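Peer 1: Supplied in structure tokens, the structure appears directly below.
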Amino acid sequence: MSAAFEIRTDRLRLRSWRDDDFEAYAALNADARVMEFYPGLVSRDESRVRFDAWQARIAERGYGFWPVEVIGGAPFVGMVGLSNPDFTAPFLPAVEIGWRLAADHWGRGYATEAARAVLAFGFERLGLAEIVSFTTTANVRSRRVMEKLGMRRSPDEDFLHPLVAEGHPVRPHVLYRLRRDAFAPAP
């Protein structure tokens, strides 16, 4: 993707990564509230590796996780995007949509608004037939976003995440799917 990449909604702008996004990105990964449903916090060094990897994936594939900013407001509230999960599960290969927003920006509908725009990008610009999303069973907030997007849970496809240690409370995951023909753009 070129530096000029942008997806806009009424309130948000998803854009290319900038070097000055790193501090906010690292803080996001180190916030226990944000990382509650992940196996653990992400160190600053690992955040640097992931920060560089997001940019490389976007350049390689034409999609990835993009920073989200509030138009006329906060320059970085989190990230939303598409990825190709790098583990083995019966529903893979697939393209996944995901989000991670700073806790100070929860409850404003930003995740749903940005994710709806990313779904449109995936279906309309990339021509994807289906996009999946998954989270640990206990992550009710993310599951609610998936449902608001029109995604449907496939209970028979719930799984134990293979990259999460056996016995860890976030290992059980639910899977949601959305087909292009069932997608409803912004209301």
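The values are calculated or read from the model by the stated rules, or taken from the named source; none is laboratory data. These numbers come from a predicted model, not from an experiment. Glycine gets a Cβ as well: all are built from the backbone with ideal geometry, and neighbour counts include every protein chain shown. For accessibility, only protein heavy atoms count, side chains too; no ligands or nucleic acids. Shrake-Rupley method; radii C 1.70, N 1.55, O 1.52, S 1.80 Å.
Peer 1: Return the distance in nm (one decimal) between the two label points of a simple spin-label model at W106 and A74, each offset 7 Å from Cα along Cα→Cβ.
Peer 2: 1.2
Peer 1: Taking the Cα centre as origin and putting +1 on Lys and Arg beta-carbons and -1 on Asp and Glu beta-carbons, what dipole magnitude results for segment 55-187, to the nearest 20 debye?
Peer 2: In debye, rounded to 20, segment 55-187 gives about 280.
Peer 1: Now a separate question. Using per-residue counts of other Cβ atoms within 10 Å, averaged over each peptide, order 36-45, 57-66, 99-108 from highest down.
Peer 2: Top to bottom by mean Cβ count within 10 Å: 57-66, 99-108, 36-45.
Peer 1: Using 0.36 nm per residue, how much length does the chain from Y38 to R125 gain when fully extended, once their Cα-Cα distance is taken away?
Peer 2: 28.3 nm
Peer 1: Any idea how far apart R144 and E60 come out in nm if each label point goes 7 Å out from Cα toward Cβ?
Peer 2: 3.6
Peer 1: With a 1.4 Å probe and all protein chains left in place, how much accessible area per residue does the chain have, in Å²?
Peer 2: Spelled out: the 1.4 Å probe surface of the chain, per residue, equals 50 Å².
Peer 1: Same structure again: When the accessible area of the chain is computed with all protein chains present and a 1.4 Å probe, what percentage of it is carbon and sulfur? Could the numbers behind the result be given before it?
Peer 2: Numbers: 4780 of 9330 Å².
Answer for the chain: carbon and sulfur cover 51 percent of the accessible area.
Peer 1: Quote the relative contact order of segment 43-135 in percent (integer), defining contacts as alpha-carbon pairs under 8 Å separated by 6+ residues.
Peer 2: Relative contact order comes out at 20 percent.
Peer 1: Let me ask another. Helix-only estimate, please: 222 nm mean residue ellipticity of the chain, summing -39500 (n - 2.57) across DSSP H runs of length 4 or more and dividing by its residues, to the nearest 500.
Peer 2: One gets -7500 deg cm²/dmol as the mean residue ellipticity at 222 nm.
Peer 1: Would you kindly state how much longer the chain becomes between D45 and L163 on full extension, computed as 0.36 nm times their sequence separation minus their alpha carbon distance, in nm to one decimal?
Peer 2: So the extension gain works out to 40.5 nm.
Peer 1: At a temperature of 10 °C and a viscosity of 1.306 mPa s, determine how fast segment 45-159 diffuses translationally according to Stokes-Einstein, using the Kirkwood radius over alpha-carbon pairs as Rh; express D in µm²/s, rounded to the nearest whole number. List each step's numbers first, then the result.
Peer 2: On the way: Rh = 15.1 Å.
Here the translational diffusion coefficient equals 105 µm²/s.
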